[in-house]
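Below is one structure, written out as structure tokens; the observations come after it.
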Amino acid sequence: MTAVLFWEVFLTVAHFVGVGGVALRVIWVRRPAGSAFAWLLLVALVPYAGVVAYLLFGERPIGRKRLRRAHAFYASFPEVATPMWQPDVAAVRSLPAPLCGIATLAENAAGLPVLGGSTLALHDGAEDILRAIIDDIDLAHESVDMAFYIWNEGGTADEVGAALERAAARGVQCRVLLDAVGSKPFLKGRWPARLRAAGIRLEVALAVGLLGLVFQRADLRMHRKVVVVDERIAYTGSMNLVDPRFFKQDSGVGEWIDAMVRVAGPAVAGLRAVFLFDWKLQTGDPYVPASSAAHAARRAVGGAARIQVVPSGPGVEIAANLRILVDAIAIARRRVVLTTPYFVPDPSLALALQNAAMRGVEVTIILPARNDSKLVTYASRAFFDDLLAAGARVLKFDAGLLHTKSVTVDDEFSLFGTVNLDMRSLHLNFELMLAVYDAEFNAALLALQRGYERDARALDAAAWRARRPSERMLEGLASLVAPML
């Protein structure tokens, strides 16, 4: 056998062994059918590189050390946390009947109960959001904890860093957790050294070196946005720690449009727990119960909102946010309004939206007209035909990249946080969502959504069906990889 023939045979056998190995692995781990077939198609059609791609990105390992820390957190969490928030747990049976099921589902899927007695203030507009955070940091006496996917230098975002420096100078314990990929430019800049010199602990989440690729996936991201001040006030929502005037100005999508919610009261305990989980995952630091003074201050707020904190992510739960989204849409009787920058839904979520529209619910989906990802744009469009045929409205927002992630259902239930309606948010990233059982907040969030709607244009079903065949082909090709996005 010649050397050339030997290598031809070897490479052919290696390809078939690789395809067979991936096929057996996909069957063993019971991946969703769409995702399984997409991966099998990739490894079959792209020799060798397809197998390498599956090894790097096909599953959700977070690394053995992180997994041990996650399990240790959840093992000790009920013992130390439950006594602190047990007096604030809202009776699920006091909720309207359809919402009782969602609350129970969320607790079973994500582990946190509905907590009563909180207040919420909805903030939209980057300057308003950043100024509110700065004001609360400047009033901090004990601690400031922050976790963000992106911190970008420039403008008012730099003033948040200066506020942290002032807090640390007063003796406030300040901790910052940033995603290794989302905040990569910031982490290479001048601010990390400056913050650490001020006494602020800065940690990087989910960093993966070349050797680490053998044991953990490189593209799992810490996508949460959380600020907790003195264990008494917290923020979460869609906005990264950026000033839109200085962020991705060359992407051609306009300024990013975001919203955050300021929470006071018992629900802050749940947001603090999420931060501490992420912090432990990175550092190994043990869970520390809230101080009795902070607990008493949270209880003294006396608000009326009932809130459930719903974290999700690889290694510790089973698609909590996806389950709640599907269930929430299923109980809608009058109206569902959704805003998201990235719309590549899981098949169960796409079907739930179609079903709601077909049973007469007013389903409105508001998306940015221009997106910073061409692949996601075309994959998203592949869902429009079925949605429009079912009677749903799809609106394209023209006043920037609409980045707010929100859902309102009828008049009493809202979902708000960091979760995009795409496969990455629903299955891969560490995300956070608030389930809010409160008519007043629902009305405020709906008013914000209606404001977005006024700056958007609805797709016409007939005109959409008449689009060019080349566009349909690109959408179809993008939809083939949608399960892997």
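For every residue, the table says whether it meets (1) in contact with a helix residue (DSSP H, G or I) (Cβ under 9 Å, 6 or more places away or on another chain); (2) in the same structural domain as Leu281 (by TED's automatic domain parsing); (3) farther than 21 Å from Pro98 by Cβ.
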{"position": "Leu415", "(1), (2), (3)": "yes, no, no"}
{"position": "Asn429", "(1), (2), (3)": "no, no, yes"}
{"position": "Leu432", "(1), (2), (3)": "yes, no, yes"}
{"position": "Ala435", "(1), (2), (3)": "yes, no, no"}
{"position": "Asp438", "(1), (2), (3)": "no, no, no"}
{"position": "Ala447", "(1), (2), (3)": "no, no, yes"}
{"position": "Ala463", "(1), (2), (3)": "no, no, yes"}
{"position": "Arg467", "(1), (2), (3)": "yes, no, yes"}
{"position": "Met473", "(1), (2), (3)": "no, no, yes"}
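Kindly indicate whether Arg262 is at pLDDT 85 or above, in a loop (DSSP other than H, G, I, E, B) and crowded, with 18+ Cβ neighbours inside 10 Å. Spelling it out, it is not the case that Arg262 is at pLDDT 85 or above, in a loop (DSSP other than H, G, I, E, B) and crowded, with 18+ Cβ neighbours inside 10 Å. When the stretch 428-450 is filtered for residues that are out of contact with any Asp or Glu (no Cβ under 8 Å at 6 or more places or on another chain) and assigned to a helix (DSSP H, G or I), the ones remaining, listed by number, are Glu440, Phe441, Ala444, Leu445, Leu446, Ala447, Gln449, Arg450. Scoring Leu432 on the criteria (1) in contact with a His (Cβ under 9 Å, 6 or more places away or on another chain); (2) within 20 Å of Ala330 (Cα to Cα) leaves a single failure, condition (2). Go through the residues of the stretch 135-150 one by one and say whether even a single one is closer than 25 Å to Leu206 by Cβ and at pLDDT below 95. No: zero hits. When the residues of the stretch 346-397 are filtered to those that are in contact (Cβ under 8 Å) with a residue 40 or more places away in the chain and part of a strand (DSSP E or B), the one that is surrounded by the fewest Cβ atoms within 10 Å (Cβ to Cβ) is Lys396. Does the stretch 409-427 include one or more residues that are part of a strand (DSSP E or B), farther than 27 Å from Arg359 by Cα and modelled with pLDDT under 95? No. Of all the residues in the stretch 167-195, those that are over 20 Å from Gln282 (Cβ atoms) and either touching a Pro at 6+ places or on another chain (Cβ under 7 Å) or buried (at least 17 other Cβ atoms within 10 Å of the Cβ) (or both) number 2. In the set (1) within 30 Å of Ile257 (Cα to Cα); (2) surrounded by fewer than 18 Cβ atoms within 10 Å (Cβ to Cβ), the condition left unmet by Ala110 is number (2).
The values are calculated or read from the model by the stated rules, or taken from the named source; none is laboratory data. Computed from a predicted structure; not experimentally measured. Please note: Cβ atoms are built from the backbone with ideal geometry, for glycine as well, and neighbour counts cover all protein chains shown.
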